[in-house]
């Protein structure tokens with residue numbers, strides 16, 4: 001979310017439930033904010049980016065994406081991807097342990 005915009009980004013979509021700290025909304029340069037494709041507040045708080053809980057987090061998050069409202073937001077993301085490149089934006093610093101890694105995997109498997 002804090003990186004410079006690249007001309008090849010295509011549609012820029014924020015996939016976090018919370019707005020990134022320290023970033024003004026008018027400076028965000030995004031096309032859409034899909035809060036419902038992010039993990040629920042309950043799951044996010046339970047996980048807390050604990051490495052030892054990542055596998056269970058990923059499993060629970062995939063289950064959330066299979067049900068509404070996650071599945072509807074995921075469908076919207078797929079529609080956008082069908083129209084061209086999509087850049088998933090997040091404020092997460094540890095991408096390897098984030099929901100974005102799981103989301104990207106789900107999109108690649110079912111697109």
task: Run through all the Cα pairs of region 1-62 and give the fraction in each 10 Å bin from 0, expressed as whole percent.
output: 19, 41, 31, 9
task: Quickly work out the residue 28-to-residue 56 label distance, labels modelled 7 Å from Cα along the C-beta direction, and quote it in nm with one decimal.
output: 3.2
task: Using only C-alpha positions, report the orientation-averaged shadow area of the convex hull of the chain, nm², one decimal.
output: 6.8
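Only the coordinates and a few stated rules stand behind these numbers; no lab work does. Keep in mind it's a predicted model, so treat the numbers as computed, not measured. With ideal geometry, Cβ positions are generated from the backbone for all residues, glycine too; neighbour counts draw on all protein chains shown.
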